[in-house]
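Asks: Okay, handing you the structure first.
Every read-out reported here was derived from the displayed coordinates using simple, explicitly stated rules and does not represent laboratory data. Everything numeric here is computed off the predicted structure, so don't read it as measured data. Cβ placement follows ideal geometry from the backbone for every residue including glycine, while neighbour counts extend to all protein chains displayed.
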Amino acid sequence: MHDDWWRGAAIYELYVQSFADAGNDGMGDLAGARARLPYLADLGVDAIWFTPWYPSPLADAGYDVADYRDIAPRFGTLAEADALISEAHGHGIKIIIDLVPNHCSDRHAWFQAALKAQPGTPERARFWFRDRPNNWQSRFGGLAWTQVGDGDWYLHIFAPEQPDFNWSNAEVRAEFEDILRFWFDRGVDGIRIDTAGMLTKEPGLPDLDDEHPHPFVDRDDVHDIYRRWRQIADEYGARVLIGEIWLADTARLARYTRPDELHTVFNFPYLSCPWDAARLRAVIDDTLALPAAPTWVLANHDVDREVSRYGRADTSFDLDARDHSQEVDLELGTRRARAAALLTMALPGAVYIYQGEELGLWEVEDIPEDRRQDPIFHRTGGADPGRDGCRVPLPWSGTEPPFGFSAGHEPWLPQPKQWRELTVQAQSGDPASMLTLYRTALRVRRQQLSVAGVLTWLDAPAGVLAFDRADGLRCVANLSDTPVELPAAAEIVLASGPLASDARLPPDSTVWLRLSPQTLA
Ligand code: NOJ
C-alpha cells in the first residue's frame, strides 16, 4: 500500500442519512451503505468519506455530535462500523470519517456538565462562557451567543445546539487527540476535519470589526493543532487529514498543507468558480502552482448541485448567498455537469464525488416548508433556502418514491417524481447516462492516467480549455458557444456528449483524446 494513496484518489462523499436505508425508517444507515459497497466498488471509487455517523440530536444533520466515540443508533452500531471498515477494505476502498472539532452538540456530556456547573468552573472552561455576548453573528443567522439560566452566555458560531469548544483549553486538545487515535485504531484511513479553519479564537473575544484580523477565521494559532494531529497521523502511517476550509485566498489555504500539517484541503475556489473558461483556468493554475497536493471538488452536502448551478444565468456559487430565485435550465445544466465531470477528472490530483453527482441529480428547490430540515432555512426565516435541496435521498430503483432508497418508508426529505429517470437501475447499462459516464471516466482515469499527470496548456480559441497530460491524454473542454475543431488523427477516449456531424466538439462538451504517434511528433 502506498502511503500517499490519497494523492490521486477518487473519493466518494457518502451522506449517510440520504444514501441507502436498510432499516426502513426513512433515513439511510450503515447497513444500507454496507449493502451498496459493491455499487461503489463498481463505480470505481478509491475511498468513501462518511459524513458524521455519531450519536446526534440532528440539530445540524449530524454536525452536532453528542458522542465522538460511538455510532448513532439510527445508523447502526460500532460493531457495524468495524464490519463496514473491513468490508470496504476488502473491496480495496479506504474509509474517511468526518470529525467535528469546532463544536459539539448541546447534548454532549461535557456541555451538559457545563450547564450544571457554576460560572467560572473548569466544566465551563471547555467552552466559551461569558457574562455578556460580543457582536459575533452565527453562520446560520442570528447572534452567535445564547444565554443560559444563570445569566452566562455561550458561543456558537453555528446553531445554538452547537456550542463551540474552547481550543485554548488543554483538556479539549487532549480529548481530540484521543478521539483521533480511537478511530485510527479502528482502521479508518482518513479524517475530514469540519470547519477546520475556525477552531481558535482571539483571546478576550473582541468584537468583529473591519480593522483587525478576523477573531476566529484562519488565525495563525490554528496551525499548532494540525501540527500535532499530523504527528499522530504519521505514527499510524498512510492516513490522510483533509481540511474543510472555505478561504478564497489560495495562498492562505495552502498554509494548512505545509509538510507538517494537513495532507490536503478541499478546493472550494474550484467549486465556487462560474462555468467560464478563463476563470476556471485561473483557479486551476493557482491550484497547481501551490506545493500542496491538488484536489478537485464540484459539489458537497453544503452547496447547490452543479446540474442546477450550471443551468442558471449566474453559474457561480457563494456559500453566503445561495440564490434559488433564478430560472434553471436542467438540460443545459446537465450537459455542462457532464462536461465539468470530464474536465475535473482529467486534472492531476484527487477528485471528490458527492453522492448523486454520478446520477446527475439536481438541486431540489421546491421542498415544502414543513418538510425542510436545515437550520439555515429556519434561522434565516427562509431568506437563505439552505441545503436540504442537495441532501435528498438517492433514487436507486423503481418508478416512484422512495425509489428503492427504503423499503417503502417515506424518506426524511421528499424525492422529486422525475427522478424515476435518474435511478441507478434506469441509468445502468444506458451508454448515454451520467452514471455510465462516471463509471467509464473513473475506470479510464484509474487505468490510464498517472497520478503526477503534469498538465501543459495548449493554444485554444477563446472559451476553450485544452491541455495535454504527461501520460498522453489530451483534454479539450468547450465552454464557448461555437463548436471547435478537434485534431483529425485523434482517438476519442471519452466524450461528455455526442460530437457534431462534422466531428467538431459542440459547446458545453469535453472530450478526452489520444493522439496518434504521427500527430504527437
Ligand atoms: C461544515 C459542514 O459541511 C456543514 O454541513 C456544517 O453545517 C458546518 N460545517 C458546521 O459543522
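Asks: For segment 62-79, in order, what is each residue's ³J(HN,Hα) by Karplus, 6.51 cos²θ - 1.76 cosθ + 1.60 with θ = phi - 60°, in whole Hz (x at glycine and Pro)?
Replies: Per residue, the Karplus-derived 3J(HN,Hα) values read x, 7, 10, 8, 8, 7, 7, 10, 8, 10, 4, x, 5, 9, x, 10, 4, 4 Hz.
Asks: May I pose another question? Taking the 0 to 90 degree range and rounding to the nearest ten, how far is the long axis of helix 330-346 tilted relative to the main principal axis of the chain, both from C-alpha atoms?
Replies: Tilt of helix 330-346: around 90 degrees.
Asks: So for segment 1-103, averaging the separation of alpha carbon pairs under 8 Å that are six or more residues apart and normalising by length, what relative contact order in percent results?
Replies: Relative contact order comes out at 27 percent.
Asks: Relative to the longest principal axis of the chain, what angle (0 to 90°, nearest 10) does the C-alpha long axis of helix 277-289 take?
Replies: On a 0 to 90 degree scale, this one is about 60.
Asks: Could you pull out every residue, at least 5 positions away or on a different chain, whose amide H is within less than 5 Å of the one on residue 127? Hs are placed 1.01 Å off N in the peptide plane, and Pro or chain starts have none.
Replies: Distant-sequence amide H within range of residue 127: 166.
Asks: Tell me the GluC sites (Glu not before Pro) within segment 162-227 that lie in a loop according to DSSP and have at most 11 other beta-carbon atoms within 10 Å.
Replies: Listed in order of number, the matching sites are 211.
Asks: Using modelled amide H (1.01 Å from N, peptide plane; none on Pro or chain starts), what sits under 5 Å from the amide H of residue 493, excluding residues fewer than 5 places away?
Replies: Distant-sequence amide H within range of residue 493: 512, 513, 514.
Asks: What does the net charge come to around residue 57 if you take all other residues with beta carbon closer than 12 Å to its beta carbon, with K and R at +1 and D and E at -1?
Replies: -3
Asks: Pop out the ³J(HN,Hα) list for segment 172-182 in order, Karplus 6.51 cos²θ - 1.76 cosθ + 1.60 with θ = phi - 60°, rounded to Hz; leave Gly and Pro as x.
Replies: Couplings: 5, 4, 5, 4, 6, 5, 5, 5, 4, 5, 3 Hz.
Asks: Let me ask something else about it. As a test, work out the antiparallel percent of DSSP beta bridges whose residues both lie in the chain, rounded to the nearest 5.
Replies: 55
Asks: When the Cα centres of segment 370-396 and segment 255-319 are compared, how far apart do they sit, in Å?
Replies: Result: 23 Å between the Cα centres.
Asks: Please list, by residue number, every one of the GluC sites (Glu not before Pro) in segment 323-372 that is coil in DSSP and has at most 11 other beta-carbon atoms within 10 Å.
Replies: Here the GluC sites (Glu not before Pro) that fit, given the DSSP loop and packing criteria, are 327.
Asks: Turning to a different aspect of this structure: Karplus couplings for segment 241-255 from phi (6.51 cos²θ - 1.76 cosθ + 1.60, θ = phi - 60°), rounded to Hz, Gly and Pro as x?
Replies: 10, 10, x, 8, 9, 8, 10, 6, 7, 5, 5, 5, 4, 5, 4
Asks: Non-local amide H neighbours of residue 13 (under 5 Å, H modeled in plane, Pro and chain starts lacking H): which ones?
Replies: The answer is 49, 353, 354, 355.
Asks: Would you please state which residues of segment 242-275 a label at residue 3 would reach in this model, taking the label point 7 Å out along Cα→Cβ and a backbone N cut-off of under 19 Å?
Replies: The answer is 242, 257-265, whose backbone nitrogens lie closer than 19 Å to the label point.
Asks: Can you return the lysines within cross-link range of residue 116? Criterion is Cα-Cα under 25 Å, with same-chain partners fewer than 8 residues away left out.
Replies: Here the lysines satisfying the reach criterion relative to residue 116 are 201.
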